[in-house]
Structure formats: structure tokens, C-alpha cells
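Submitted below is the structure of interest, expressed as C-alpha cells.
The values are calculated or read from the model by the stated rules, or taken from the named source; none is laboratory data. All of these numbers come straight from a predicted model, not from anything done at the bench. A quick note on method: Cβ atoms are made from the backbone with ideal geometry, for glycine too, and the neighbour counts reach across all protein chains shown. We work out accessible area using only protein heavy atoms, side chains counted, and drop any ligands, DNA or RNA first. Shrake-Rupley method; radii C 1.70, N 1.55, O 1.52, S 1.80 Å.
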Amino acid sequence: MFDIRSEFSKYGEYHANRINIAIHMVFVPTILWTSMGLVTLAQPHALFEFPTPISALLSHIPGSAPVANTATLIITAFAAFYIVLDQIAGLLATPVLYGFLVSAQQYALSSPASLQYLLALFAIAWVAQFIGHGVFERRAPALLDNLMQALVMAPFFVFLE
């Protein structure tokens, strides 16, 4: 389970078509970003306080301060898992993950119509994924065989590609 070569090989079995790969490059990050926004809307208040050094660093980010909520815990778990799989790639992906988190939180909490837009983008992204697999890859997505690979590993592999 913690072997990146094995996981990447499994991922590659479902992603050989260049058009499907391009769809994934656009819509996997969209699914991750909209998910973080939707989780933030579902639980907008902090579950815990950031430690003082982290709070001081976060105070320099323009816009509303990031919220230590469920979305923060999810992204932290993703980052930790990616680092366990591959230290260098995981450490390189971590700032991207937190950038997604902060921007999704700021959008979700500052835009009055964010719920509608996030839901629409989320739905469009999933439809695009299924079209990519059904029309171009001609294979069922990994989601139907391996939920963890589809939801947790896909953002990492898109980052690596």
C-alpha cells in the first residue's frame, strides 16, 4: 500500500489515452479544490487553533485567514500520506495542497453564491472524468475498483505528471 511504484503502475493501467490524461490534469485538481470548498461550507468553523508559529505565518496570506477545519485535516492527511509514499514528491506537493486548501476556503467563505458554483464545478468535473474513461479510455474508472486510488492517489499522480 505504501509503494509508489506499485500505485503508479496501477494508476497507469487506467490512464493510457492522452485525451483522458488531459481531462484528468484539469478536472482532478478541480474535484479536489471544490471538495475542499464544499467541506469548508459544511463545517466553516475551526475545530482547533493553529499553533502560534503557523498562525503567524498564515497571517501574511491575503484575504480571510485559513480555518483549521475538517478540510484542513483532510489535506494534512493527504500530504502526510504522499510524503510517506515519496518524501521528495510529497514535500513538493504539500505547498500545492495547502494552496488549494486556502484558496478553496477563502472562496467558499467569501462568495455568497459559492455553494452553487462549487456544486456545479464538482458535477462538471466528475462528468468529465466519466466521459474521459468511457469515451476515450474505453474502460471503467479506477473509482469502481479502488476507491482510495481514485480519491487519494489521483491528485498526487496528476501532480507527478
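Give the residue list of chymotrypsin sites (Phe, Trp or Tyr not before Pro) in the stretch 1-51 that are DSSP loop and have at most 16 other beta-carbon atoms within 10 angstrom. Before the final figure, lay out the partial values.
Values: sites: PHE2, PHE8, TYR11, TYR14, PHE27, TRP33, PHE48; in loops: PHE2, TYR14, PHE48.
Loop-located and lightly packed - PHE2, PHE48.
I want to verify a result. In a Gaussian network model of the chain, Cα cutoff 10 Å, which of these has the top mean-square fluctuation: PRO66, PRO53, PRO112?
Top of the fluctuation ranking is PRO53.
Kindly identify the stretch 89-140 as rounded, prolate or oblate by the Cα gyration tensor criterion: order the square roots of the eigenvalues as a ≥ b ≥ c, call it rounded if a/c is under 1.5, otherwise compare a/b with b/c, prolate if a/b is larger, else oblate.
Values: a/c = 5.87, a/b = 1.30, b/c = 4.51.
It is oblate, given that a/c is not under 1.5 and a/b is not larger than b/c.
Something else now. D for the stretch 42-161, whole µm²/s, Stokes-Einstein with Kirkwood Rh over alpha-carbon pairs at 4 °C and 1.567 mPa s: what number?
Calculated translational D: 80 µm²/s.
Next question, about the same structure. About its Cα centre, how strong a charge dipole does the stretch 1-118 have in debye, to the nearest 20, once Lys and Arg get +1 and Asp and Glu get -1 at the Cβ? Write down the numbers at each step before the final one.
Numbers: 3 positive and 5 negative charges, 40 e Å.
Roughly 200 debye for the stretch 1-118.
Taking only complete DSSP H runs, can you tell me which helices of the chain stretch 30 Å or more along their own long axis by Cα positions and average at least 0.5 on the Kyte-Doolittle scale? Intermediate values should be presented prior to the final figure.
Working: long enough: 18-42 (35 Å, 1.41); 87-110 (34 Å, 1.00).
Helices meeting the span and hydropathy rule in the chain are 18-42, 87-110.
Heavy atoms only, probe 1.4 Å: what % of the accessible area of the chain goes to carbon and sulfur, would you let me know? Working shown, then result.
On the way: 6150 of 8770 Å².
Here carbon and sulfur together make up 70 percent of the probe-accessible area.
Next question, about the same structure. How far apart, in nanometres, would the label points at SER103 and GLN43 be if each is projected 7 angstrom from Cα along the Cα-to-Cβ direction?
In this crude spin-label approximation the distance works out to 2.4 nm.
Here is a follow-up. Name the most mobile residue of ALA42, ALA79, ALA104, meaning the one with the largest mean-square fluctuation, in a Gaussian network model of the chain with Cα contacts below 10 Å.
ALA42
Once the piece of chain linking ILE131 and LEU57 is laid out straight, how much longer is it, given 0.36 nm per residue of separation minus the C-alpha distance between them? Show your work: numbers first, answer last.
Working: separation 74, 0.36 × 74 = 26.64 nm, distance 4.13 nm.
Residue separation times 0.36 nm, minus the Cα-Cα distance, leaves 22.5 nm.
Next up: In whole Hz, what ³J(HN,Hα) sequence does the stretch 49-58 give by Karplus (6.51, -1.76, 1.60; θ = phi - 60°), x for Gly and Pro?
In residue order, the calculated couplings are 9, 5, x, 3, x, 5, 4, 5, 5, 5 Hz.
Would you mind getting me the FRET efficiency between VAL84 and ARG139? Use the beta-carbon distance for r and R0 = 41 Å, nearest 0.05.
Values: r = 29 Å, r/R0 = 0.70.
Efficiency for this residue pair is about 0.90.
Measuring with a 1.4 Å probe in the full set of protein chains, what accessible area per residue, in whole Å², belongs to the chain? Each step should come with its number before you reach the end.
Values: 8770 Å² over 161 residues.
In whole numbers, the chain has 54 Å² accessible per residue.
So between THR30 and ASP3, what do we pick up on full extension, going 0.36 nm a residue minus the alpha carbon distance? All intermediate terms of the calculation are to be shown ahead of the outcome.
On the way: separation 27, 0.36 × 27 = 9.72 nm, distance 2.59 nm.
7.1 nm is the gain from fully extending THR30 to ASP3.
Ok, one more. Given contacts defined as C-alpha pairs under 8 Å and at least six residues apart, what's the relative contact order of the stretch 1-122, whole-number percent? Can you show the working numbers first?
On the way: 99 pairs, mean separation 42.8, N = 122.
After rounding, I find 35 percent.
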